[in-house]
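Working notes, beginning with the structure itself.
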Amino acid sequence: MRHQLIRSTAAAVAIAVLITMLPVAAAVWRAAATGHGIVADWISQGATAGQSLQLAGILVALAVVALAAGVLVAARQANRLVLPVTELADRAERLGAGESRIKPLHSGIAELDQVSQVLARSAQSLTRTMAAERDFASDASHQLRTPLTALLMRLEEIAVTDDLEVVQEEAGIAIAQVERLTRVVDDLMSRTRRRGDEPKVTVSLDSVIAALQREWQPAFEQARRSVRVHGERGLVVQATPVALSQVLSTLLENSLAHGRGTVDVHARRSGPSVVVEVSDQGEGVPASIAPHIFERSVTTSGTGLGLALARDLAESNGGRLELVQARPAIFALFLSESDAA
């Protein structure tokens, strides 16, 4: 900008000088070359009062024209510089007000364009941060709702029974669910600090499925349905217990809400992977929704966050969640088998 200001000022001065000096220089050259003209007459014959006034008027007119031309050039250059600055200030104000879509400014002024690019990058960073915060809030709400609902069912069982053994059993399960809820909260809080380079964690698939079967038993019994677990035993997979539990809980919740009949949880090896299939006897996933079932806000009811979040959790643990059959619905969770198995 400094160089452009110097160039614009020099251009305005140069134009003013040229407008003033060129006609005078031309008149002097003509007088010297031909001996004619107002300058020659003024020199040879002596200037009369009228000629002096005439020459002075010409010089004043030239000076006025030069001044006007200089002002015009300076004004145009000032507008060329002021307009980008104004637009840049407007972009900065919109960014401060929370607008996240700021287009870079292309003014041809290196300094202003550089500041504009910084603002645009800041806006993009703000957009990503806000999106991450919204996703985090939605994910947290969905992940916490399931264990809280299961805990509430256990407390209701305790409240309506007088059998001390039942109370002790339900209280033990409720304590385990509170501990799981604590682990879910810890996992959510640490998510933003993870960078994907954590050491691999191994977990017993049998223990996770057994805990989920106990947790969801009251809800399925209330709906006069059941969960049947079968397949290979003793499988150990690479995943965090909280994430694995949450993915399978989402599939059970989805089946409870949209399926019918007995829910089958089948675990087996498939090459280097372990596959956990969850299916029921319902009508399955409508053909219009099946291709988009894992997209956020695609649902037949509810929040539409469950399956999208479950797939994200599976992928973050090196796994994969797929809808392998739509009618009846069969969801398959693919995990890496642990070397410790």
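Rule-based calculations on the coordinates, nothing more; no lab input. Fair warning: this is a prediction, and the values are worked out from it, not measured in the lab.
Backbone amide hydrogens, once placed in the peptide plane, bring A329 within less than 5 Å of D280, G282, G284, V285, excluding anything fewer than 5 places away on its chain. Provide the three semi-axes, in whole Å and in decreasing order, of the ellipsoid equivalent to the range 199-341 as defined by the square roots of 5 times the Cα gyration tensor eigenvalues. Equivalent ellipsoid of the range 199-341: 23, 18, 13 Å, largest first.
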